[in-house]
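Enquirer: Supplied in structure tokens, the structure appears directly below.
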Amino acid sequence: MKIYDTMSKKIVELKLDKTVRMYVCGITAYDYSHIGHGRNIVFFDTLRRFLEFKGHKVIFVQNFTDVDDKIIRRAIELGKTAKEVAEFFISEFWKDAEALNYKKGLHPKVTDYIPKIIEFVKALIEKGYAYEVESKYGKDVYFHVPRFEKYGELSGYSVEELNRHRIEPDERKKDVKDFALWKSAKEEDFKAKSVYDSPWGKGRPGWHIECSVMSSELLGVPFDIHGGGMDLIFPHHENERAQSYALFGVEPVRYWVHNNFVTINGEKMSKSLGNIVRIRDAVNKYGGEVLRFFLLLAHYRSPLDYSEKALERAKKSYEYLLNTLRNLDMEIAYLKTFGERREGSVKSYMNEFVNALENDMNTPKAIAVMHNFAAEINKNLFEASLEALEKAFEELKTMGYVFGIFEKYTRVPVLGEEDVRLIKERELARKERDFDKADKIREKFREKGIYLVDTKKGTRWFISSFS
Ligand SMILES: Nc1ncnc2c1ncn2[C@@H]1O[C@H](COP(=O)(O)OP(=O)(O)OP(=O)(O)O)[C@@H](O)[C@H]1O
Ligand SMILES: [Zn+2]
């Protein structure tokens, strides 16, 4: 399988063992998640599902950042502690993630890793990669960027460009590029109870160090895939790589994978721009699976523009596939119930589907393949053999599994003798234009949650819990 690796800046062949170790940067828990976050979790969840489909065992880690300036600010606004704010938004995150059929993995929080973070920072000081500076309530610790020669390789920035990115201007730093590993406590941190004891006095970890610590603790170094939104390439991932490389002396990540943004009228959807649509609002309006399907309609490295129109289109496309799955299932149940034999076949599209995803996770192409497959199924529905239909059902369901859709689908039941008798009786009644009787029989089925459908090839049925 091939994927675009941000470090080598080209599409590369993924070389993976049976077990794949994967880390994706998660949300900072200070607000409800928006559709941009949704794209991030849906894309990496789909990559994980595809690897599992290919037979890998995936150890999937996505963290929660629960120590951060933005959380502290929010906590003070609300008169709460940072922990209370983070816990609230993490539990809200799970509601959204579940609606999007996001598979759980390991989900560490920074606050559970403070002692490990302290150890990591101490080791970087001992190795000469980091230094302490005095501050009001203790000491700050900075990573000294010029000490790490490979800095800039991930983002591809030159030293001049890096020097222009003065992310944390501070005259106590030895170099403008140096970034904080440990921040001594400030008034607000005390207020929000976001302070921890350390060899440098009371303080809290910087943002980048947390991911180096949680990924190496849970996956070891090096691990296979590191994901995140493309806004994280610099400085977050550049710094994370520097920290881990400095400590472990090896390239810590084999493949760096970054998703592009959800945009709205061409602009990044983000809280700071005030143009967000919350996941739950779109879920309430269109359903979780439709939103998930929409998020996979564009290639992950291209922007995806959100609009109501685009969501409506996604809904139609999704429903066509779902209806096809149901048509297949109804026909299978019919053939099994009535024992009818046929010889026809249905062409397989599985190889084309897999090829599309093996080629840098080309989800729009894979969706086009699913549509061609659906057309083939619908064309052959009344001629294909039971075996052919069952195989097609399995294939379409498997494609759905990789995309994280059709998860709540319930199979159409095979009916017993008494039901068969009633269906035949109703067909006869219809022929004799005794619609009253036909309707009564239909009603009997409906009471059991079975909905009869009259097709040109006779009666079929589905169940009410169909979704
Ligand atoms: N509009 C977007 N489209 C795609 N991915 C996004 C978008 N916004 C954020 N992400 C990704 O979601 C993940 C979690 O982001 P994080 O919680 O840091 O967001 P944030 O920076 O607080 O959000 P915002 O940009 O709205 O302020 C990151 O990997 C980030 O790159
Ligand atoms: Zn991270």
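The values are calculated or read from the model by the stated rules, or taken from the named source; none is laboratory data. Given the structure is predicted, the values throughout are model-derived calculations rather than measurements. Counting neighbours? That spans all protein chains shown, and the Cβs are built from the backbone with ideal geometry, glycine included. The area values use the complete protein model at the heavy-atom level, side chains included, leaving out ligands, DNA and RNA. Shrake-Rupley method; radii C 1.70, N 1.55, O 1.52, S 1.80 Å.
Enquirer: Which is farthest toward the positive dipole end of region 308-403 among Leu381, Leu396, Ala310, measuring Cα position about the Cα centre, with Cβ charges +1 (Lys, Arg) and -1 (Asp, Glu)?
Expert: Of the options given, the answer is Ala310.
Enquirer: A follow-up question, please. Starting from the residue with the highest accessible area, list Lys122, Lys174 in decreasing order, probe 1.4 Å.
Expert: Working: Lys122 90, Lys174 140 Å².
Of Lys122, Lys174, the descending order of accessible area is Lys174, Lys122.
Enquirer: Continuing with the same structure: What nm distance separates the two modelled labels at His165 and Glu447, each placed 7 Å from Cα along Cα→Cβ?
Expert: Modelled inter-label distance: 7.0 nm.
Enquirer: Now a separate question. If you put +1 on each Lys and Arg Cβ and -1 on each Asp and Glu Cβ, how big is the dipole of region 191-340 around its Cα centre, in Debye rounded to 20? Write down the numbers at each step before the final one.
Expert: Values: 19 positive and 18 negative charges, 112 e Å.
Dipole magnitude for region 191-340 comes out near 540 debye.
Enquirer: Modelled label-to-label distance, Asn355 and Glu217, 7 Å Cα→beta-carbon offset: nm?
Expert: Placing both labels 7 Å along Cα→Cβ, they lie 4.6 nm apart.
Enquirer: Would you mind checking which residues have amide H under 5 Å from Gly227's amide H? H placed 1.01 Å from N; only 5 or more apart, or other chain.
Expert: Those lying under 5 Å, H to H, from Gly227 are Tyr23, Val24, Cys25, Val257.
Enquirer: ³J(HN,Hα) across region 454-459 via Karplus (A = 6.51, B = -1.76, C = 1.60, θ = phi - 60°), whole Hz, x for Gly/Pro?
Expert: These are the phi-based 3J(HN,Hα) values: 9, 10, 5, 9, x, 7 Hz.
Enquirer: Quick check: from the Cα gyration tensor, does region 2-259 come out rounded (a/c under 1.5), prolate or oblate? Mind showing how you got there, number by number?
Expert: Values: a/c = 1.82, a/b = 1.19, b/c = 1.54.
It comes out oblate by the Cα gyration axes.
Enquirer: Let me ask something else. Using a/c under 1.5 as the rounded threshold, could you call region 266-363 rounded, prolate or oblate? The axes a ≥ b ≥ c are square roots of the C-alpha gyration tensor eigenvalues, and prolate needs a/b larger than b/c, oblate otherwise. Before the final figure, lay out each step's value.
Expert: Numbers: a/c = 4.24, a/b = 1.93, b/c = 2.19.
Oblate, because a/c is 1.5 or more while a/b does not exceed b/c.
Enquirer: What's the lysine pair count for region 308-403 at a Cα cut-off below 16 Å, pairs eight or more apart or interchain?
Expert: Lysine pairs meeting both conditions in region 308-403 amount to 5.
Enquirer: Let me ask something else about it. For region 89-202, what does the alpha-carbon gyration tensor say about shape, rounded, prolate or oblate, given a ≥ b ≥ c as the root eigenvalues, a/c under 1.5 as rounded, and a/b over b/c as prolate?
Expert: Values: a/c = 1.98, a/b = 1.32, b/c = 1.51.
Oblate, because a/c is 1.5 or more while a/b does not exceed b/c.
Enquirer: Tell me the volume per residue, in Å³, of the convex hull enclosing the alpha carbons of the chain. Numbers along the way, then the final one.
Expert: Numbers: hull volume 76.2 nm³, N = 467.
Hull volume over Cα atoms, normalised by residue count, gives 163 Å³.
Enquirer: Starting from the amide H of Val58, placed 1.01 Å from N in the peptide plane, find each other amide H under 5 Å away whose residue is 5 or more places distant or on another chain.
Expert: Placed amide hydrogens put Val20 under 5 Å from Val58.
Enquirer: Another one. How would you rank 275-285, 27-37, highest first, on the average number of other Cβ atoms within 10 Å across their residues?
Expert: Numbers: 275-285: 18.4, 27-37: 22.5.
Averaged packing, sorted descending, gives the order 27-37, 275-285.
Enquirer: Sum -39500 (n - 2.57) across every DSSP H segment of at least 4 residues in the chain, then divide by the residue count to get the 222 nm mean residue ellipticity, nearest 500. Mind dumping the intermediate values first?
Expert: On the way: 16 runs with 215 residues, N = 467.
Roughly -14500 deg cm²/dmol at 222 nm, from the helical runs in the chain.
Enquirer: Also: Given region 324-467, report the % of alpha carbon pairs whose separation exceeds 23 Å.
Expert: Values: 4411 of 10296 pairs.
Taking all Cα-Cα pairs of region 324-467, the fraction more than 23 Å apart is 43 percent.
Enquirer: Let me ask something else. Going by amide H atoms built from the backbone, whose H comes under 5 Å of the H on Thr455, apart from near neighbours?
Expert: For Thr455, whose amide H was placed from the backbone, the distant partners under 5 Å are Arg460.
Enquirer: Let me ask you something else. So what J values fall out for region 196-206 if you push phi through Karplus, 6.51 cos²θ - 1.76 cosθ + 1.60 with θ = phi - 60°, rounded to Hz, Gly and Pro as x?
Expert: Using θ = phi - 60°, the values come out as 9, 6, 7, x, 9, x, 6, x, 8, x, x Hz.
Enquirer: Consider a paramagnetic label point 7 Å from the Cα of Glu319 along Cα→Cβ; state which residues of region 402-424 have an amide N under 20 Å from it.
Expert: 405-410
Enquirer: Tally up the carbon and sulfur contribution to the accessible surface of region 308-403 as a whole percent, 1.4 Å probe, everything protein left in place. Don't skip to the end; give the middle numbers.
Expert: Values: 1970 of 4200 Å².
Exposed carbon and sulfur together represent 47 percent of the surface.
Enquirer: Hey, what's the chain come to in accessible area per residue, 1.4 Å probe, Å²? Write out the running numbers ahead of the final one.
Expert: Working: 20850 Å² over 467 residues.
Using a 1.4 Å probe on heavy atoms only, each residue of the chain averages 45 Å².
Enquirer: Follow-up question, since we're still on this one. For the modelled label position 7 Å from the Cα of Asp69 along Cα-to-Cβ, which residues of region 140-164 have backbone nitrogen atoms closer than 18 Å?
Expert: 140-143, 164
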